[in-house]
Amino acid sequence: MELEQEKAPKKISWLSIGAILAAIGASLCCVAPLLLLSLGIGGAWMSTLTSMQAVRPFFFILSLIFIALGYRKLYWIPQNCAEGKACALPYNMKRQRTIFWLGSAFILLLLAFPWYAPYFM
C-alpha cells in the first residue's frame, strides 16, 4: 500500500530553535571572543562581550528547559497521527529522536564550554 504524502509546509521546530539560541546566548561570553580571536579579529571592544556573563545563568536554565520540553514532546506526549501519514512511519520518529539527541549533545557541549575551555588554552 502506498503512503499518500500531502504537500503541506514543514513546521518549524520552535523547541529546537529556542534551545540552540539559548545555548548560544549562554556561551556567548566565552565562545565569541575565542571565535573572533581565531578569525584574527581583536581589539579592546571584545572585552565588552564578557558583560554577558551576568545573564549566563538565565540562558543556561532556558536551554535546559527547551531540552526538557523537546524530550517531553518526543517521549511523553502520545503521537496523534492518522494511518497512512508520513508521521505514522516509525522511521520518522527514530530520525526525530536521533536529531534531538545529537542537538542536545551539541547544546550541552556549548553550555559546558567555560568549564573545559581552560584545558585547550
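The values are calculated or read from the model by the stated rules, or taken from the named source; none is laboratory data. Keep in mind that this is a model prediction, so the values were computed, not measured. Cβ sites come from the backbone with ideal geometry, for glycine too, and all protein chains shown count toward neighbours.
I need the full set of residues from the stretch 72-81 which are surrounded by 13 or more Cβ atoms within 10 Å (Cβ to Cβ) and assigned to a helix (DSSP H, G or I), in order please.
Initially, the stretch 72-81 is screened for residues surrounded by 13 or more Cβ atoms within 10 Å (Cβ to Cβ), giving 73-74, 81.
Answer for the stretch 72-81, where residues must be surrounded by 13 or more Cβ atoms within 10 Å (Cβ to Cβ) and assigned to a helix (DSSP H, G or I): Lys73, Leu74.
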- Mind listing whichever residues of the stretch 82-121 are surrounded by 13 or more Cβ atoms within 10 Å (Cβ to Cβ), more than 19 Å from the chain's Cα centre (by Cα) and assigned to a helix (DSSP H, G or I)? Ala86, Ala88, Asn92, Ala117
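Let's see how each residue does on (1) touching a strand residue (DSSP E or B) at 6+ places or on another chain (Cβ under 6 Å); (2) of a type outside the set (Ser, Thr, Tyr); (3) modelled with pLDDT of 80 or more:
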residue: Ser51; (1), (2), (3): no, no, no
residue: Gly70; (1), (2), (3): no, yes, yes
residue: Leu74; (1), (2), (3): no, yes, yes
residue: Gln79; (1), (2), (3): no, yes, no
residue: Leu102; (1), (2), (3): no, yes, yes
residue: Tyr116; (1), (2), (3): no, no, yes
residue: Phe120; (1), (2), (3): no, yes, no
- Query: Do any residues in the stretch 97-112 that are of a type in the set (Lys, Arg) have Cβ atoms under 6 Å from those of residues that are in a helix (DSSP H, G or I) and modelled with pLDDT under 90, where the two are at least six apart or on different chains, and which pairs are they?
  - Reply: Arg97/Leu74
